[in-house]
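Below you'll find the structure, written out as structure tokens, and then a few comments.
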Amino acid sequence: MAGSLGGMVPHPLPGPLPRRATLLGLGSLGFAGCATGPFGALGGTPLAALPPDGLVLLRQGIPGAMMSGLGFALAPGLVATSAHLVRDFGAAGPGQRLRGALGDGRPVPLTTLAVSRSMDLALLASAVPLAAVPLAAHRPRPGERIWLAGAPAMNRAVVEGAVTRARLPTRAGEGFVVAAEATLGFSGGPAVNGRGEVVGMTAALVNAGPLPVLSTMLLGTDLGALLGDESRQVLVLHADGLAREAARLAA
């Protein structure tokens, strides 16, 4: 089963996740004052090609117990993020509100439109216009370089890796696997190719065990990622599947 920092409760999605998968939400729990800004580190990577008002930081909680993750705009008024993140924020019901912000600190009031029953996707309505991110026309191939953006507590906010498995059906949805040092706080963040096109959304660590969660809870940082755990495997949901499900939910 998959667990998150939100009480370590499994999230009911149909079909199997890889054994010992760990969801990647809530990257700043308990260390709100130490959270790394997810936007300043994008320069020099293909993530910098994303529109500045297309990436949204999601936060919930109070100082000392802040939870965070990311979302990105599929359309001017629609933001995609992880369903497990929205559940852990206590905002999975239609009409419930979340707090978002752009890279320059401008607030983005968000409202939950719908949460998918078939994949780890939540669709949010934005009260301010956003710029849709460019989606890739083709799925990534094995060996292709991929960049991930996140909002971790004390780890790097951008990591680079390579596709190790081009297709992996899971209960979170169909995705692909990237060898990268992502950690808690990357949930809902975009994965882009070398052309700056979004190829998917980060969902979970595969076969990581409980150490990333325990380390982040106790120390405010994922020591494995900080020390360069090259064995780490990240599940990323395919962008085309996300777009189709988002269109269905929006309709």
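Brief remarks follow.
- Amide H contacts of Val108 (H built 1.01 Å from N, in plane; Pro and chain starts excluded): Gly100, Ala101, Leu102 sit under 5 Å, all sequence-distant by 5 or more or on other chains.
- Fully extended contour minus Cα-Cα distance, from Arg248 to Ala137, at 0.36 nm per residue: 38.0 nm
- Across segment 173-182, computed HN-Hα scalar couplings (Karplus, 6.51 cos²θ - 1.76 cosθ + 1.60, θ = phi - 60°) run x, 7, x, 9, 10, 10, 7, 7, 9, 5 Hz from first to last residue, x flagging Gly and Pro.
- Nonlocal amide H pairs with Gly196, under 5 Å, H built at 1.01 Å: none
FYI, it's all coordinate maths here, none of it is from the lab. These numbers come from a predicted model, not from an experiment.
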